[in-house]
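Single-structure report; data block below.
The values are calculated or read from the model by the stated rules, or taken from the named source; none is laboratory data. Everything numeric in this text was worked out from a predicted model, so none of it was measured. Note: ideal-geometry Cβ built from the backbone for every residue, glycine included; neighbour counts use all protein chains shown. The protein model used for the area step is the full one, side chains on, heavy atoms only, and it has no ligands, DNA or RNA in it. Shrake-Rupley method; radii C 1.70, N 1.55, O 1.52, S 1.80 Å.
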Protein chains: 2
Amino acid sequence: MSTTPRPTAIPGPVLVIGCGLVGTSVALALTRAGATVHLRDVLPQNARTAEMLGAGTLATPATVALAVVAVPPDYVAEVVADTLDEWPDAVVTDVASVKHPPLQALSDAGTPGLERYVGSHPMAGSERSGPTAASETLFEGRAWAVTPHATASPEAVELVRELGRTTGATLVEMPTDEHDFAVARVSHLPQVMSVLTAARLHGGPADHLALAGQGLRDVTRIAASDPGLWRQILHANRLPLVELLRDVRDDLDELLDGIERTHVIEEVLDRGVSGTRLIPGKHGEEAAPQLAVVFVQVPDRPGELGRLFRDTGESGVNIEDLRIDHDLGRPVGIAEIAVRPERAEDLTSALTERGWTTYV
Amino acid sequence: MSTTPRPTAIPGPVLVIGCGLVGTSVALALTRAGATVHLRDVLPQNARTAEMLGAGTLATPATVALAVVAVPPDYVAEVVADTLDEWPDAVVTDVASVKHPPLQALSDAGTPGLERYVGSHPMAGSERSGPTAASETLFEGRAWAVTPHATASPEAVELVRELGRTTGATLVEMPTDEHDFAVARVSHLPQVMSVLTAARLHGGPADHLALAGQGLRDVTRIAASDPGLWRQILHANRLPLVELLRDVRDDLDELLDGIERTHVIEEVLDRGVSGTRLIPGKHGEEAAPQLAVVFVQVPDRPGELGRLFRDTGESGVNIEDLRIDHDLGRPVGIAEIAVRPERAEDLTSALTERGWTTYV
């Protein structure tokens, strides 16, 4: 099913330092595109696993055109500096979630060869981690931020762009500080809010949680992510994050102060509704398209979802999005199939004809 | 596909007052179970639509065994009092999201017949509203809270239980004040946190949102819900909600004060992780089971999802949960199929044999 990748234009061997989920996925995508990839990890087992998965070789390279530093945020600046020193002809990038602090540290330290360093950040990950969670397709169609700095050489910037393109990602270019403000808003703040919501589940009687529904599950899903990694990310990006958290506290105080006055509550709610409309939808559209949702009852037995989607497929109506909702003790699940509004009736008719119970 | 409902034991006609999503769904479920249902709405068009959908009749009942008040939160106490007065032999319930304030108001006013009133609250809804969004199966397997008060007659409590059972819901019984604390925690707080996160999407350059991923979408999904309804809910339940919001503000202050110290950040994150483990999973299990996720690439063409699920169905492996992930410009979608860990390899083999690209 995979699209055939075009050969990479990276003109020499690539060294991937750090064979976790992201590093190994980068290595797999590069190998697939014809690059010679060398692997290194402070944990030899990680590098060996990545090699066994076909991500590259453990052999020491003779030369390195591009080094990709895929280590935890706390170690990025140090490993980038060492790598610039060890491979004086290589362009060096990293793939960490925060971009300005490591650049600042490298710059403050007067790191030689800094013109050969250009940070980047693929917007892909998983609640899972380690090389076995890696995939050559992890970055396909995802945003890949490239964050040049004033003294970066144009050739280095172009090579890091080529890295992103080789993995199938969509390039987004912005300065490091802008990048950090952006991810504080779209990634780090939601992480904190999800965590604060989940943390409040402590302290109530257990049977209160019997009333939990899908909304709670959605809001708290990412709160289950690795606290060790997130500690580093939030700490590294604390300056923009603190600004946003203070704004949230202001909104919260406004709500607490105004909770007796329903117009204040509604103003806060309205800002939330309009905020959700700013999130880009599928295919990079300006905002999420209005979709119709067809609800279908699905008995909780093997094969029923298969039958439903075969029938859906035969209707010829494209599925824009899909969610399975199930709750405690429910004998049937509900599939929520999102389609273009003008196709909802076609889908409903097709499914009803085939014996499904649907509602729109 | 619907399970055959057992006949309801409600011993007479039911009057449903308010033909929105929840009222009409209750009426449909009761009609399906053999009850005689009468419909009423201050908006005649809503009642007529509900009647056309088969939810009941617009004729005025001669007697009423049970009246179900399904009006917006702000009007519950008033309509319950009027209904107790109008039908002196009827048991009266309501289905609003907040249970203590209307009971308090009725009690403070010395409402005659209060022993015939027992509040309830089905934990089901939709981002959509109105009678056309209704379904006779909306409550199947959902929690349905029944909230008796000290002066309620046992017969009234039992009749409201029978209402919940008739719709296929799972009964959860607790006093009104406990109910309100529970929903503040599992429903109203997540709503506010989702709204506050979405509200922070304003104020940044639009291209920052190009970096948005699935986490942001999940956290902010419910922030798009009807602000007019949520204003009433949050205002009605402000007392327990304010307690939780103050706790959140304390956590937020702890994080802001301690953001320079990574162990403070990690403590906050750990509380979130352990909070997510308290949420009950499918089938009313104590907590969400550990599932394995199989990732499958799905080209963005009609019928591909149908083919995938037909192939999945033929593998004989039951799907526990499913999510479709798509991001800007991505030529393929990723289906995340959650299965019992011991079945992950069976599914992966079956799909790979049939030409799908999968990773675990």
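Observations
- Only residues that are charged (D, E, K, R) and facing chain A (nearest Cβ under 7 Å) were counted in the stretch B:220-233, giving 2.
- Any hit, the stretch B:18-30, residues being in a strand (DSSP E or B) and among the β-branched types (Val, Ile, Thr): no
A quick yes/no check of all residues on (1) surrounded by 15 or more Cβ atoms within 10 Å (Cβ to Cβ); (2) in the same structural domain as residue B:216 (by TED's automatic domain parsing); (3) modelled with pLDDT of 80 or more:
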{"position": "B:322", "(1), (2), (3)": "yes, no, no"}
{"position": "B:325", "(1), (2), (3)": "yes, no, no"}
{"position": "B:328", "(1), (2), (3)": "yes, no, no"}
{"position": "B:334", "(1), (2), (3)": "yes, no, no"}
{"position": "B:337", "(1), (2), (3)": "yes, no, yes"}
{"position": "B:343", "(1), (2), (3)": "yes, no, yes"}
{"position": "B:348", "(1), (2), (3)": "yes, no, yes"}
{"position": "B:352", "(1), (2), (3)": "no, no, yes"}
{"position": "B:355", "(1), (2), (3)": "no, no, yes"}
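- Just one of (1) touching a strand residue (DSSP E or B) at 6+ places or on another chain (Cβ under 7 Å); (2) at pLDDT 95 or above fails for residue B:41. It is (1).
- Within the stretch A:82-105, not a single residue is of a type in the set (Phe, Trp, Tyr) and either at positive phi or without any contact (Cβ under 8 Å) to a residue 40 or more places away in the chain (or both).
- Test: residue A:140 is at pLDDT 95 or above and farther than 30 Å from residue B:192 by Cβ: no
- Among (1) modelled with pLDDT of 90 or more; (2) at the interface with another protein chain (Cβ under 7 Å from one of its Cβ atoms); (3) assigned to a helix (DSSP H, G or I) - the single one residue A:188 does not satisfy: (2)
- Residue A:171 vs. criteria away from chain B (no Cβ under 13 Å), more than 30 Å from residue B:265 (Cβ to Cβ) and either open to solvent by 30 Å² or more (accessible area, probe 1.4 Å) or touching a residue at least 60 places away in the same chain (Cβ under 8 Å) (or both): no
- Members of the stretch A:198-219 found to be at the interface with chain B (Cβ under 7 Å from one of its Cβ atoms) and in contact (Cβ under 8 Å) with a residue 60 or more places away in the chain, listed by number: A:210, A:213
- Close pairs from the stretch B:263-278: first without any contact (Cβ under 8 Å) to a residue 40 or more places away in the chain and under 15 Å from residue A:216 (Cβ atoms), partner assigned to a helix (DSSP H, G or I) and of a type in the set (Lys, Arg), Cβ under 8 Å, at least 6 apart: B:276/A:221
- Residue A:9 vs. criteria open to solvent by less than 60 Å² (accessible area, probe 1.4 Å) and among the small types (Gly, Ala, Ser): no
- Residue in the stretch A:259-275 that is nearest to the chain's Cα centre (by Cα), counting only those that are crowded, with 20+ Cβ neighbours inside 10 Å and under 19 Å from residue B:184 (Cβ atoms): A:272
- Given (1) away from chain A (no Cβ under 14 Å); (2) crowded, with 23+ Cβ neighbours inside 10 Å, index of the condition residue B:194 fails: (1)
- Taking the criterion of being farther than 19 Å from residue A:90 by Cβ and in contact with a Leu (Cβ under 9 Å, 6 or more places away or on another chain), the residues of the stretch A:30-54 that qualify are A:44, A:46, A:48, A:50, A:51, A:53, A:54.
- Within the stretch B:147-160, tally of residues that are within 30 Å of residue B:52 (Cβ to Cβ) and open to solvent by 10 Å² or more (accessible area, probe 1.4 Å): 1
- Some residue of the stretch B:196-218 being under 29 Å from residue B:100 (Cα atoms) and under 18 Å from the mean Cα position of the chain (by Cα): no
- Some residue of the stretch B:146-158 being of a type in the set (Val, Ile, Thr), modelled with pLDDT of 95 or more and within 18 Å of the chain's Cα centre (by Cα): yes
- Lone unmet requirement of (1) surrounded by 23 or more Cβ atoms within 10 Å (Cβ to Cβ); (2) assigned to a helix (DSSP H, G or I) for residue A:201: (2)
- Residue B:178 being within 10 Å of another protein chain (Cβ to nearest Cβ), open to solvent by 30 Å² or more (accessible area, probe 1.4 Å), outside any loop (DSSP other than H, G, I, E, B) and among the acidic types (Asp, Glu): yes
- Exactly one residue among A:278, A:245, A:256 is open to solvent by less than 10 Å² (accessible area, probe 1.4 Å), within 7 Å of chain B (Cβ to nearest Cβ), out of contact with any Pro (no Cβ under 9 Å at 6 or more places or on another chain) and not β-branched (Val, Ile, Thr), and that residue is A:245.
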